[in-house]
Every structure is written in structure tokens, then in C-alpha cells.
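For reference, the structure discussed in these notes is given below.
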């Protein structure tokens with residue numbers, strides 16, 4: 001089953017208050033609440049595009065695929081790219097826990113690009 005997983009993008013982008021973030025970005029309070037609580041089942045294309053612009057991502061970043069029991073798809077099927085592991089990376093926490101020497105290396109890698 002395909003579904004939206006906004007929690008993943010909030011964690012990756014270090015958005016601590018998704019409702020407020022979305023309201024400030026011009027989304028309605030009702031829609032912002034649904035996105036914050038992962039209660040969106042379908043999106044029209046203009047809203048999907050606005051979300052992607054807001055988060056700096058693609059639709060694939062907002063979706064995940066959870067195969068049904070006994071799914072007949074082959075391991076090389078393109079839908080498998082949308083399978084997500086259960087771990088949601090909290091980049092802010094990971095970066096805050098690094099020693100200064102590693103942060104300096106990361107900064108150098110980023111600035112070299």
C-alpha cells in the first residue's frame with residue numbers, strides 16, 4: 001500500500017513544529033493539522049507540488065510503500081525504492097551528539113561541494 005509519511009520529512013528537515021511551519025508557509029489550519037498527524041490519504045497535484053516546494057523534496061520523499069502480505073512483486077521492482085525502514089533519522093540529534101572534530105570534517109565536506 002502506498003501512503004504519505006510526513007513525519008520522516010519533518011525529522012530530516014528538523015521541523016519541530018510542523019503545524020506552525022505549514023501555516024506560516026500558507027497552508028490552511030485544517031490541512032496543516034492533517035499533514036502534521038499523517039492523516040492525508042490523497043492530495044491534488046497543486047498541493048503536492050506546494051508541499052514539495054516547501055520542503056525542497058520530490059513526491060517520492062513524501063511517500064512510502066508498505067507491501068501487502070504475500071506481495072508478488074519482485075525484489076527489483078521500482079516500488080521497492082519507496083520502502084522505508086522503520087528508523088527515522090533525526091539529523092539534528094545526530095549532529096548535536098558529534099564531537100567538534102567530526103563537525104569540522106562535515107563542514108569541510110559541505111563547503112568543498
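The values are calculated or read from the model by the stated rules, or taken from the named source; none is laboratory data. Computed from a prediction, not measured in an experiment: that's the story for all the values here. Glycine gets a Cβ as well: all are built from the backbone with ideal geometry, and neighbour counts include every protein chain shown.
Descriptive notes on the structure:
- Meets criteria (in contact with a helix residue (DSSP H, G or I) (Cβ under 6 Å, 6 or more places away or on another chain), under 28 Å from residue 78 (Cβ atoms) and outside any helix (DSSP H, G or I)) for residue 40: yes
- Hey, residue 52 over 17 Å from residue 82 (Cα atoms) and either at pLDDT below 95 or assigned to a helix (DSSP H, G or I) (or both) or not: no
- Tallying residues that are surrounded by fewer than 17 Cβ atoms within 10 Å (Cβ to Cβ) and in a helix (DSSP H, G or I) within segment 20-30 yields 5.
- With respect to (1) closer than 13 Å to residue 5 by Cβ; (2) surrounded by 10 or more Cβ atoms within 10 Å (Cβ to Cβ); (3) out of contact with any strand residue (DSSP E or B) (no Cβ under 6 Å at 6 or more places or on another chain); (4) modelled with pLDDT under 80, the lone exception for residue 90 is condition (1).
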